[in-house]
Every structure is written in C-alpha cells, then in structure tokens.
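Peer 1: Below is one structure. I have some questions about it.
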Amino acid sequence: MLKSVEFMSLKTAISLASSPTVAIISIRDSSSVRDLPTFDGFMDVLPLDMLDVCEEHALHVPGSWADEPTGEQHFQYCEIPDNFAPSLSHAHAVQAFVDRLHDCADEIDLVVHCSAGVSRSAAVASWAAERFGIALRDRAGVGLGDANPRMLRLLNSLT
C-alpha cells in the first residue's frame with residue numbers, strides 16, 4: 001500500500017539511498033536522459049519520457065492539444081526533436097503503476113522526480129497523493145503552483 005508520495009528534482013533523486021520499500025517514477029527528457037541513474041536497489045521504477053510543455057506555456061487554450069499526439073504533433077508542441085509532450089499514454093502508465101503499488105501488501109513510499117522537481121513531478125505526485133488520500137511530501141518546499149496543468153488534466157481525465 002502506498003504510504004506517502006514525494007516529488008523532487010533529479011539531483012535530489014540521485015542522492016537517495018536505495019531502498020526496497022521505495023518506488024520511483026523517473027520523468028526525464030532528452031536533456032537529462034544521458035545522466036540518469038538506473039535506480040538499482042529500489043522496489044520498482046517507472047521511466048517516463050516527456051518534456052515540460054503544456055498548452056498554457058505555449059499560450060494556447062487549455063486542452064486544445066491532442067491528448068495522444070502524433071509524432072508530428074509532439075514535435076509541434078515541443079519544438080525539439082526526440083521529445084514528447086505529456087500524453088494520455090503517460091497518464092495511463094502512471095495510473096497503472098501507482099494502482100499496482102497501492103495494491104501491494106507492504107507499505108511503499110513513492111518518489112516522483114523530474115529535472116527541476118517542480119512541474120511534471122509535482123503534477124504526478126499531487127495526483128497520486130490525492131487519488132489515495134495519502135501524505136504528499138515536498139521536501140524542497142516548492143509547492144504545487146508550477147505543477148504541469150496538462151499532466152494534471154490528463155491524469156484527472158482517467159478518474
């Protein structure tokens with residue numbers, strides 16, 4: 001069962017001591033993928049490749065981008081080759097991962113990281129904590145004000 005959820009930067013996640021009672025959602029993009037640890041020694045890891053983009057940052061109407069973008073749309077939204085906007089597939093992967101963790105008999109802490117630890121990770125972590133009514137930890141004290149609204153919308157569309 002999930003006991004807590006915490007979001008943080010990649011730098012902080014790299015410094016964590018491995019633990020068989022901690023699972024990690026590792027959100028990365030092409031700028032961070034080269035330097036990622038494998039997170040050996042943790043209970044489980046869900047790697048997600050997505051850039052911190054959303055309609056609001058691009059001054060578009062919220063929800064106006066395709067929920068499941070094509071390759072061409074990903075490039076249009078991200079403007080960087082080999083990067084992906086948050087998608088419905090990402091949301092489904094997160095939901096399946098946290099549901100599986102929550103169904104475990106053991107108590108599990110979930111850590112969600114992204115590059116800076118304020119947008120993509122904050123969106124995923126706050127959704128997971130709210131979904132199960134569990135503690136949300138923000139060790140850096142950055143709050144949820146910069147949580148990626150697109151990722152939140154996609155996750156909330158599943159429930």
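Peer 1: Across region 100-128, which residue is least open to solvent (accessible area, probe 1.4 Å) among those that are hydroxyl-bearing (Ser, Thr, Tyr) and assigned to a helix (DSSP H, G or I)?
Peer 2: The qualifying residue least open to solvent (accessible area, probe 1.4 Å) is SER121.
Peer 1: Evaluate the following for VAL142: is it over 19 Å from SER30 (Cα atoms), β-branched (Val, Ile, Thr) and part of a loop (DSSP other than H, G, I, E, B)?
Peer 2: yes
Peer 1: Let me ask something else about it. Could you list, in sequence order, all residues of region 77-120 that are charged (D, E, K, R) and under 18 Å from LEU152 (Cβ atoms)? Outline the logic, then answer.
Peer 2: Taking region 77-120 as the starting set, the residues that turn out to be charged (D, E, K, R) are 79, 82, 99-100, 103, 106-107, 109, 120.
If the condition is that a residue be charged (D, E, K, R) and under 18 Å from LEU152 (Cβ atoms), then ASP99, ARG120 are the ones that fit.
Peer 1: Any idea which residue in region 15-31 is least open to solvent (accessible area, probe 1.4 Å), counting only those that are part of a loop (DSSP other than H, G, I, E, B) and not polar (S, T, N, Q)?
Peer 2: Only one residue tops the list, namely ASP29.
Peer 1: Oh, and also: Out of LEU51, LEU46, LEU59, which single residue is over 24 Å from LEU2 (Cα atoms) and crowded, with 19+ Cβ neighbours inside 10 Å?
Peer 2: Details: LEU46 fails: over 24 Å from LEU2 (Cα atoms); LEU59 fails: crowded, with 19+ Cβ neighbours inside 10 Å.
Unique residue meeting the criteria: LEU51.
Peer 1: How many of the residues making up region 62-74 are surrounded by fewer than 19 Cβ atoms within 10 Å (Cβ to Cβ) and part of a loop (DSSP other than H, G, I, E, B)?
Peer 2: Total meeting the criteria: 7.
Peer 1: Can you tell me how many residues within region 75-99 are open to solvent by less than 40 Å² (accessible area, probe 1.4 Å) and of a type in the set (Phe, Trp, Tyr)?
Peer 2: Residues flagged as open to solvent by less than 40 Å² (accessible area, probe 1.4 Å) and of a type in the set (Phe, Trp, Tyr) within region 75-99 amount to 2.
The values are calculated or read from the model by the stated rules, or taken from the named source; none is laboratory data. The structure displayed is predicted, hence computed values, not measured ones. Cβ coordinates were reconstructed from backbone atoms using ideal geometry, including for glycine residues, and neighbour counts include every protein chain displayed. All accessible areas refer to the heavy atoms of the entire protein, side chains included, with ligands and DNA or RNA removed. Shrake-Rupley method; radii C 1.70, N 1.55, O 1.52, S 1.80 Å.
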